[in-house]
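So the structure is just underneath, and the comments pick up after that.
The values are calculated or read from the model by the stated rules, or taken from the named source; none is laboratory data. Quick caveat: nothing in here was measured; it's all calculated off a predicted structure. Cβ: placed from backbone, ideal geometry, glycine included. Neighbour counts: every protein chain shown. Accessible surface areas use protein heavy atoms only, side chains included; no ligands, DNA or RNA. Shrake-Rupley method; radii C 1.70, N 1.55, O 1.52, S 1.80 Å.
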Amino acid sequence: MKSNIILIGFMGVGKGTTARAYARRYKCFNIDTDDLIESKENNKIKNIFAEDGEKYFRALEQECADWIESSVDNSLISCGGGFYNINNLKSLGTVILLDASYEWIYNRLSTAENSKAKLKKRPLFSEPKKAKKLYKEREKEYKKLADIVINVEKKDMQEIIKEINTKVN
Ligand code: S3P
C-alpha cells in the first residue's frame, strides 16, 4: 500500500490550499494533478477543455493517475474535482475527502479575494446551476471512495491539516 495522501473533493473546497499548508507544516512533497496536466500539455486547464474537450482532459487524468501509481510515494496529492473517476484511485494512497456543502463552496469561491480568477479557471463552474447539479451527482461517489472524510466548514486551516495528519498516522 502506498503512503501517499490523496485529497479529493469538489471544485473550490480548498484542496490546493490545504495541500500547500499541509506540505509546509509536515514537510512533505505536494503535487497537484491539474498542475501536472498543465505542465505535461503546456496549456491551461480551461484551454484544454476549450480546445481538446473534456474527454481528452479525462484521459489525461487517467495518464496522470497511472504515473502516480508507478512513480510517486510518500507525497501529498491534491486532485482535480473529477479525478475520483479514474480507475485506480484506491491504489494511489489513503483517500481523504474534503467535504463541505455546495453553498459553503460557492460562498468561499465568490468571496475570495481573487474570486474572478478562481471561477474563470474552472470551466465546469461557469454556470452555478450546472455546478450545483454536478455537486449533487458527485456527492455520494466521493463519500463511497473516501477512506477518511473531513468536513472543513467550521475549521481553520491549522485544524484541518492537524486532523489529516492525525488520521493518516
Ligand atoms: C474539475 C475540477 C478542476 C479541474 C477541471 C475539472 C472537475 O479542479 O480539474 O476544471 O471536473 O470537477 P479543481 O477541483 O481543483 O477546481
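Return yes when residue 45 is in contact with a Lys or Arg (Cβ under 8 Å, 6 or more places away or on another chain), under 15 Å from residue 124 (Cβ atoms) and within 13 Å of the ligand (Cβ to nearest atom) and no when it is not.
In short, yes.
Report, by residue number, each residue of segment 1-19 that is more than 9 Å from the ligand (Cβ to nearest atom), open to solvent by 10 Å² or more (accessible area, probe 1.4 Å) and farther than 12 Å from residue 160 by Cβ.
Result: 1, 2, 3, 5.
So residue 56 fits all but one of (1) within 13 Å of the ligand (Cβ to nearest atom); (2) touching a Leu at 6+ places or on another chain (Cβ under 9 Å); (3) of a type in the set (Phe, Trp, Tyr); what number is the exception?
(2)
Which of the residues belonging to segment 54-79 are open to solvent by less than 20 Å² (accessible area, probe 1.4 Å) and free of Cβ contacts under 8 Å to residues at least 60 places away in the same chain?
If the condition is that a residue be open to solvent by less than 20 Å² (accessible area, probe 1.4 Å) and free of Cβ contacts under 8 Å to residues at least 60 places away in the same chain, then 57, 60, 61, 64, 65 are the ones that fit.
Of all residues in segment 68-80 being part of a helix (DSSP H, G or I) and in contact with a helix residue (DSSP H, G or I) (Cβ under 9 Å, 6 or more places away or on another chain), which is farthest from the ligand (Cβ to nearest atom)?
69
Go through (1) within 9 Å of the ligand (Cβ to nearest atom); (2) among the small types (Gly, Ala, Ser); (3) out of contact with any Phe, Trp or Tyr (no Cβ under 9 Å at 6 or more places or on another chain) and name the single condition residue 112 misses.
Unmet for residue 112, out of (1) within 9 Å of the ligand (Cβ to nearest atom); (2) among the small types (Gly, Ala, Ser); (3) out of contact with any Phe, Trp or Tyr (no Cβ under 9 Å at 6 or more places or on another chain): (1).
Is it true that some residue in segment 93-112 is at pLDDT 95 or above, within 16 Å of the chain's Cα centre (by Cα) and more than 19 Å from residue 17 (Cα to Cα)?
yes
Hey, among the residues in segment 32-42 that are open to solvent by 40 Å² or more (accessible area, probe 1.4 Å) and closer than 18 Å to residue 11 by Cβ, which one's nearest to the ligand (Cβ to nearest atom)?
34
Could you say which residue among 23, 50 is buried (at least 16 other Cβ atoms within 10 Å of the Cβ) and at pLDDT 95 or above?
Checking each option against the conditions leaves just 23.
Restricting attention to segment 81-105, and to residues there that are in a helix (DSSP H, G or I), of a type outside the set (A, V, I, L, M, F, W, C) and within 13 Å of the ligand (Cβ to nearest atom), which single residue is most open to solvent (accessible area, probe 1.4 Å)?
Restricting to residues being in a helix (DSSP H, G or I), of a type outside the set (A, V, I, L, M, F, W, C) and within 13 Å of the ligand (Cβ to nearest atom), the top hit is 85.
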